[in-house]
1. What distance in nm lies between label points placed 7 Å from Cα along the C-beta direction at residue 48 and residue 114?
2. What number, rounded to the nearest 500 deg cm²/dmol, is the helix-based mean residue ellipticity at 222 nm of the chain, given -39500 (n - 2.57) per DSSP H run of at least four residues and division by all its residues?
3. Give me the dipole magnitude in Debye, nearest 20, for region 179-297 about the Cα centre, with unit charges on the beta carbon: positive for Lys and Arg, negative for Asp and Glu.
4. Using amide H atoms built in the peptide plane, which far-off residues or other-chain residues are under 5 Å from residue 165 H to H?
5. Provide the per-residue ³J(HN,Hα) series for region 12-29, in order, calculated from phi with Karplus coefficients 6.51, -1.76, 1.60 and θ = phi - 60°, each as a whole number of Hz, with x at glycine and proline positions.
6. Which residue, 197, 188, 36, has the most motion in a Gaussian network model of the chain that connects Cα atoms within less than 10 Å?
7. Scale the Cα Rg of region 19-175 by the rule-of-thumb value 2.2 N^0.38 Å and send over the ratio, two decimals.
8. Roughly how big is region 112-251's charge dipole about its Cα centre, with Cβ charges of +1 (Lys, Arg) and -1 (Asp, Glu), in debye to the nearest 20?
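Since every read-out is calculated from the coordinates, none of them should be taken as a lab result. Nothing here was measured: the structure is a model prediction, and the numbers come from that model. When we count neighbours, we look across all protein chains shown, and the Cβ atoms used for this are built from the backbone with ideal geometry, even at glycine.
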Amino acid sequence: MSELTANIISEVKKVICGKDHVIAQALTGILAGGHILIEDVPGVGKTTMALAFSRTMGLDYGRVQFTPDVLPSDITGFSLYDKTTGAMKYQPGAVFHNLFLADELNRASSRTQSALLEAMEEGNVTVDGTTYLLPKPFTVFATQNPAGASGTSLLPDSQIDRFMIKISMGYPSANDEKAMLESRKNGIDPMKSIKQICNKDTLAGMQEEVNSIYAHEKILDYIVNLAHKTRGNKTLERGASPRATLALTSMSKAYAYLMGRNYVTPADVQKVFIPVIAHRLILTPDAEVAGMRSVDIAKDILKSTPEPKI
């Protein structure tokens with residue numbers, strides 16, 4: 001499958017210039033069956049990348065631009081009285097897609113944000129006591145503006161923990177920004193040139209293959225040791241949850257798959273550790289006052305934990 005994943009990345013690169021590592025991280029998250037949180041300033045290509053993945057992977061795509069006016073029922077759906085039958089009929093919400101883009105999620109109310117929790121964790125929504133299954137595969141791409149930006153609020157910890165990875169696009173270099181302009185000469189829209197490389201059934205098969213990737217017992221011990229070091233760290237009020245341990249294992253397998261291997265190495269774990277773990281760590285008040293960052297603490301934990309010899 002290495003050729004297939006390489007082709008997917010190649011197609012997404014047509015519209016996202018100079019961010020190969022970010023594209024690879026996002027694809028790894030999709031292959032691991034997780035949800036992806038992208039935090040960055042407006043206009044750097046967060047929405048474009050999500051749309052590019054949906055097109056090249058043949059995924060049914062839906063998007064909601066979150067504002068304080070968006071209601072939970074807009075996301076999950078609602079029951080409506082049907083005059084012809086005299087019964088209540090369910091109207092599916094915006095979340096019923098293979099790839100759902102929650103654009104600027106942290107501009108929505110807490111009630112609307114929480115409407116996504118069941119969908120992200122269990123792959124279904126419950127409305128008026130009835131549970132409705134979401135299409136499979138199902139991935140949420142959520143974007144958020146940096147904390148403190150106008151009109152934003154912090155996502156609750158329970159929701160942050162449900163995102164398998166958190167990544168950032170960042171500004172392009174001067175050369176990459178010029179390449180972006182060159183690709184759009186004469187009104188050309190590079191999004192229209194993206195080819196479909198696979199479909200949702202192919203992706204489901206790839207996700208099953210990722211699940212079957214072999215992880216040696218020493219690799220599992222390594223992952224558990226890393227998680228436990230976050231919980232015993234004096235600068236952290238809260239470390240990585242057991243859900244984070246599962247996510248780190250899944251992401252490590254997906255990255256090994258992306259590299260064309262059927263087994264996990266310590267380097268795979270190290271490669272995905274920061275995007276999986278850093279956003280889940282909550283600093284102590286003293287650490288925050290000292291200007292410490294969760295990313296730096298995660299890096300220190302990774303450096304100080306001996307890797308297994310297999």
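1. 3.7
2. Details: 14 runs with 135 residues, N = 310.
After summing the helix terms and dividing by residue count, I get -12500 deg cm²/dmol.
3. Details: 16 positive and 12 negative charges, 35 e Å.
Roughly 160 debye for region 179-297.
4. 35, 37
5. With the stated coefficients, region 12-29 comes to 5, 5, 5, 10, 10, 8, x, 10, 4, 5, 5, 4, 5, 5, 5, 5, 4, x Hz.
6. 188
7. The reported ratio for this selection is 1.08.
8. Details: 15 positive and 16 negative charges, 87 e Å.
In debye, rounded to 20, region 112-251 gives about 420.
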